[in-house]
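The values are calculated or read from the model by the stated rules, or taken from the named source; none is laboratory data. Only a predicted model underlies this, so the values are computations on that prediction, with no experimental measurement involved. A quick note on method: Cβ atoms are made from the backbone with ideal geometry, for glycine too, and the neighbour counts reach across all protein chains shown.
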Amino acid sequence: MSPSSKRRTGFSKKQQYSVFTGYLFASLGALLGLALLGLSLWQPSSFEPLRGPATDVVAPAGEATAAVRSGRKNVWDTITGYWRAGSQNAALRREIEIARIRLAEAQAVEVENRRLKALLSLPGEDSEAVATTRLVGSSSASSRRFAYVGKGEADGVEVGMPVHSERGVVGRVLEVARASARVLLLTDSESVLPVRRASDRTVAFAEGRGDGLLRIRLINLGLNPLEVGDVFVTSGAGGYYRPGVAVAILNELTPDGGIARLVADPSATNYVTIEPIYEPLAVEASEVRARDELTDEELGD
Amino acid sequence: MQRLAPSARRDQYGSRINRAKSPIREYCTPYASIMLASLVPFLFLADVMPFVPPLGFMFLIGWRIMRPGVLPLWVGVPLGAFNDLYSGQPFGSGIFLWSLAMIGLEALESRFPWRGFWQDWFTAGLVVIMYILAAMVVSGATLSVHLLLATLPQILTSILVYPLVSRIIASLDRFRLSRSRRIG
């Protein structure tokens, strides 16, 4: 392709100046961008008032694509279901019988738990969901793993609330706008979640790696007690998540813990629930730094 | 008098006689298409790794490479800001990187004015690779080998999708400059 002759400046001073001004504006724009970038890396929530309404506008379109997404998944499941239907049916029937027995046992344990808790006068764990919604979108072109939900401040969603699917933890609310909210997924490299092994009290941190897997980092170092296939659930430490919700399954062992797969793939879930913060008091307490001086008002409490 | 073939009076945008472009279409199509393309990755659900190409940026460099002069040099500022609202990147990364890309492409074009499609594809691929890696660095994520490996599929799709993007831009350009009304 030959260059367009319109873009040559020649001897025209006017043309030359306009090209120069273009370069000048573009360079100033780049500098402005650099400054804004620095500001938003330093104070990540500083542009929330801009982003929130913008997300509110697009979220309804995301509802439509979310509906299509779940529909498409069902079609695919139906097609794959035809393969090995007979043998799978028999295997599933055996499995469900055992699962029913285990479920009945679990119900008995739950009843006993409730009775013991009532004896100790501990509050119940049943938390009413704040909102049930779909994941309407995500930052699919960026290295960060954010998702967006179509419920916001107007529905009672607040920053820090955990987001669960029917399988387990999905993430937690990071920013809230009027009718939409941004969720930090567990797979994001900035996400850290306190977990414990479901079978005992081995506590660890589940950190996102940014490639879809979680790194399980044991808090007590020493001999690594983990085994491949261990299930991790939330420990409830930190106060955001209620304890006992499934998070990840260990896939691979490392010296200080392991690498785990998510239990609740956000893209495989249809609906997610946003639950209230488990213990707001614990969250508030963690935000007070050791050297903060209390005001007179707080001392009065 | 010898009659001309009817096709001789036509160019790629339609009849050359009695043709008036719509000014709204002429000036808005590039911007509208880039903004819509910025919205597309928002609607996909990527929970594991980034897999959708940065379509807004690809449309920007596509318009810039295929129709030089249509977009002003400073256009990265408003369009990058719009992209930042939806991309999940920290606000300002789009403004910064898109402006740099526009300046870089302008400088490259003054150095290599003659080029063809394959060379354009090479340029676009190179620019997109640099953009994706730079965006990863400024995204605020903890940099690691795993994060880098997770962007490789995205880089590959981005390079492979450029011919498609350029075809879409070509048809948008035909729509932009086609006849909107008859004169007289």
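Checking B:Ser166 against (1) touching a helix residue (DSSP H, G or I) at 6+ places or on another chain (Cβ under 7 Å); (2) modelled with pLDDT under 90, which test does it fail?
(2)
With the requirement that a residue be part of a helix (DSSP H, G or I) and among the small types (Gly, Ala, Ser), what does region A:37-56 give you?
Once the filter is applied, which keeps residues that are part of a helix (DSSP H, G or I) and among the small types (Gly, Ala, Ser), region A:37-56 yields A:Gly38, A:Ser40, A:Gly52, A:Ala54.
Looking at A:Leu119, is it of a type in the set (A, V, I, L, M, F, W, C) and surrounded by 14 or more Cβ atoms within 10 Å (Cβ to Cβ)?
When the stated conditions are applied, A:Leu119 does not pass them.
Out of all the residues in region A:204-246, which are away from chain B (no Cβ under 14 Å), closer than 15 Å to A:Leu262 by Cβ and not small (Gly, Ala, Ser)?
A:Ile216, A:Asp230, A:Val231, A:Phe232, A:Val233, A:Thr234, A:Tyr241, A:Val245
Can you name the residue in region B:95-126 that is of a type in the set (Ser, Thr, Tyr) and surrounded by 15 or more Cβ atoms within 10 Å (Cβ to Cβ) and is also nearest to the other protein chains (Cβ to nearest Cβ) among such residues?
Here the answer is B:Ser99.
Could you tell me which residue of region B:125-158 is nearest to B:Gly62 (Cα to Cα), considering only residues that are touching a residue at least 60 places away in the same chain (Cβ under 8 Å) and touching a Ser or Thr at 6+ places or on another chain (Cβ under 8 Å)?
Per the criteria, the residue is B:Val128.
Please indicate, with yes or no, whether at least one residue in region A:149-160 is charged (D, E, K, R), within 13 Å of chain B (Cβ to nearest Cβ) and in a loop (DSSP other than H, G, I, E, B).
No, the conditions are met nowhere in region A:149-160.
Just name the residue that is farthest from the other protein chains (Cβ to nearest Cβ) out of those in region B:54-89 that are surrounded by 24 or more Cβ atoms within 10 Å (Cβ to Cβ), more than 12 Å from the chain's Cα centre (by Cα) and assigned to a loop (DSSP other than H, G, I, E, B).
The qualifying residue farthest from the other protein chains (Cβ to nearest Cβ) is B:Gln89.
Given the options A:Ala66, A:Ala90, A:Ala59, name the one that is at pLDDT below 85, among the small types (Gly, Ala, Ser) and in a helix (DSSP H, G or I).
Exactly one of A:Ala66, A:Ala90, A:Ala59 is at pLDDT below 85, among the small types (Gly, Ala, Ser) and in a helix (DSSP H, G or I), namely A:Ala66.
Are there any strands (runs of 3 or more DSSP E) wholly within region A:196-251 with 2 or more residues that are free of Cβ contacts under 8 Å to residues at least 40 places away in the same chain, and if so which?
By residue number, A:203-208, A:231-234.
Can you pull out the residues in region A:252-284 that are assigned to a helix (DSSP H, G or I) and either in contact (Cβ under 8 Å) with a residue 24 or more places away in the chain or crowded, with 17+ Cβ neighbours inside 10 Å (or both)?
Across region A:252-284, the qualifying residues are A:Pro266, A:Ser267, A:Ala268, A:Pro280, A:Leu281, A:Ala282, A:Val283.
Do we have B:Val48 as facing another protein chain (nearest Cβ under 8 Å) and either more than 26 Å from B:Glu106 (Cα to Cα) or surrounded by 16 or more Cβ atoms within 10 Å (Cβ to Cβ) (or both) here?
yes
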